[in-house]
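The values are calculated or read from the model by the stated rules, or taken from the named source; none is laboratory data. All values derive from a computational prediction rather than experimental measurement. Every residue, glycine among them, receives a Cβ derived from its backbone with ideal geometry; neighbour counts consider all protein chains shown. Side chains are part of the model used for accessible areas, which takes the heavy atoms of the whole protein and leaves out ligands, DNA and RNA. Shrake-Rupley method; radii C 1.70, N 1.55, O 1.52, S 1.80 Å.
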Amino acid sequence: MKSKENKKIKNATSCESNGIKFKSQLEKVCYSTLSQLGFNPLYEPITFQLWPSFEPIIPFYDQETKKQQEKRLSLGKDIEIKSKKLILKKNKIIGIKYTPDFFIKYKNINVYIECKGVENDTFYLKKKLFRKYLDEQFVKNGTHSIYFEIYTKKQILQAVEIFKCYAEEVKG
């Protein structure tokens with residue numbers, strides 16, 4: 001299958017294997033490695049709502065966008081004001097979601113694996129919120145989880161050894 005550059009993820013090349021379209025070569029390597037080791041990795045099976053969307057009730061003013069300014073000027077409104085004005089923003093605030101690359105249910109733990117090349121500008125926040133979510137699930141429900149951020153095949157193999165040991169530790 002011919003691969004193509006992934007525009008959404010910097011320096012990533014999307015590819016396909018076993019009928020699954022991966023966003024990067026590392027994801028493909030991770031999937032095939034885990035499968036060869038006898039696991040059943042699920043690729044992007046669940047999206048977590050880390051922060052809910054909401055309708056703001058407190059007024060918020062921000063400068064108008066270039067497009068809004070052009071529209072205002074083209075309609076002849078406030079033509080004497082050439083700079084961007086402060087305008088009321090009533091938009092719904094969209095929530096923050098996160099989809100880990102892989103999920104494996106191994107014995108009594110949930111294993112989440114994120115394959116990383118170059119971090120984008122929002123990932124570090126999503127990672128912190130997701131880790132907080134996992135902690136809350138443990139405190140609330142006793143759900144044991146482990147989360148990996150991996151960069152190489154060698155780290156995938158190391159992650160497998162770590163989560164096998166962790167499953168034995170939490171067993172008793």
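For the range 143-156, how many residues meet the condition of being open to solvent by 70 Å² or more (accessible area, probe 1.4 Å) and touching a Ser or Thr at 6+ places or on another chain (Cβ under 7 Å)?
Of the residues in the range 143-156, 1 are open to solvent by 70 Å² or more (accessible area, probe 1.4 Å) and touching a Ser or Thr at 6+ places or on another chain (Cβ under 7 Å).
Determine if the range 160-170 includes at least one residue that is buried (at least 18 other Cβ atoms within 10 Å of the Cβ) and among the hydroxyl-bearing types (Ser, Thr, Tyr).
Among the residues of the range 160-170, at least one is buried (at least 18 other Cβ atoms within 10 Å of the Cβ) and among the hydroxyl-bearing types (Ser, Thr, Tyr), which makes the answer yes.
Restricting to the range 24-45, name every residue that is free of Cβ contacts under 8 Å to residues at least 60 places away in the same chain and closer than 18 Å to Lys116 by Cα.
Gln25, Lys28, Ser32, Tyr43, Glu44, Pro45
Determine whether the range 124-140 contains at least one residue that is closer than 25 Å to Leu50 by Cα, among the hydroxyl-bearing types (Ser, Thr, Tyr) and either loosely packed, with under 12 Cβ neighbours inside 10 Å or in contact with a Gly (Cβ under 9 Å, 6 or more places away or on another chain) (or both).
yes
Based on what the data block shows, is Ile94 open to solvent by 80 Å² or more (accessible area, probe 1.4 Å) and of a type in the set (A, V, I, L, M)?
Answer is yes for this residue.
Are there any strands (runs of 3 or more DSSP E) wholly within the range 100-158 with 1 or more residues that are of a type in the set (Asp, Glu), in contact (Cβ under 8 Å) with a residue 40 or more places away in the chain and touching a Phe, Trp or Tyr at 6+ places or on another chain (Cβ under 6 Å), and if so which?
Correct list: empty, since no element meets the threshold.
Residues are listed down the side, and each one gets a yes or a no for (1) touching a Pro at 6+ places or on another chain (Cβ under 9 Å); (2) of a type outside the set (S, T, N, Q); (3) modelled with pLDDT of 95 or more:
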site: Phe102; (1), (2), (3): yes, yes, yes
site: Leu134; (1), (2), (3): no, yes, yes
site: Ile150; (1), (2), (3): no, yes, yes
site: Gln158; (1), (2), (3): no, no, yes
site: Glu169; (1), (2), (3): no, yes, no
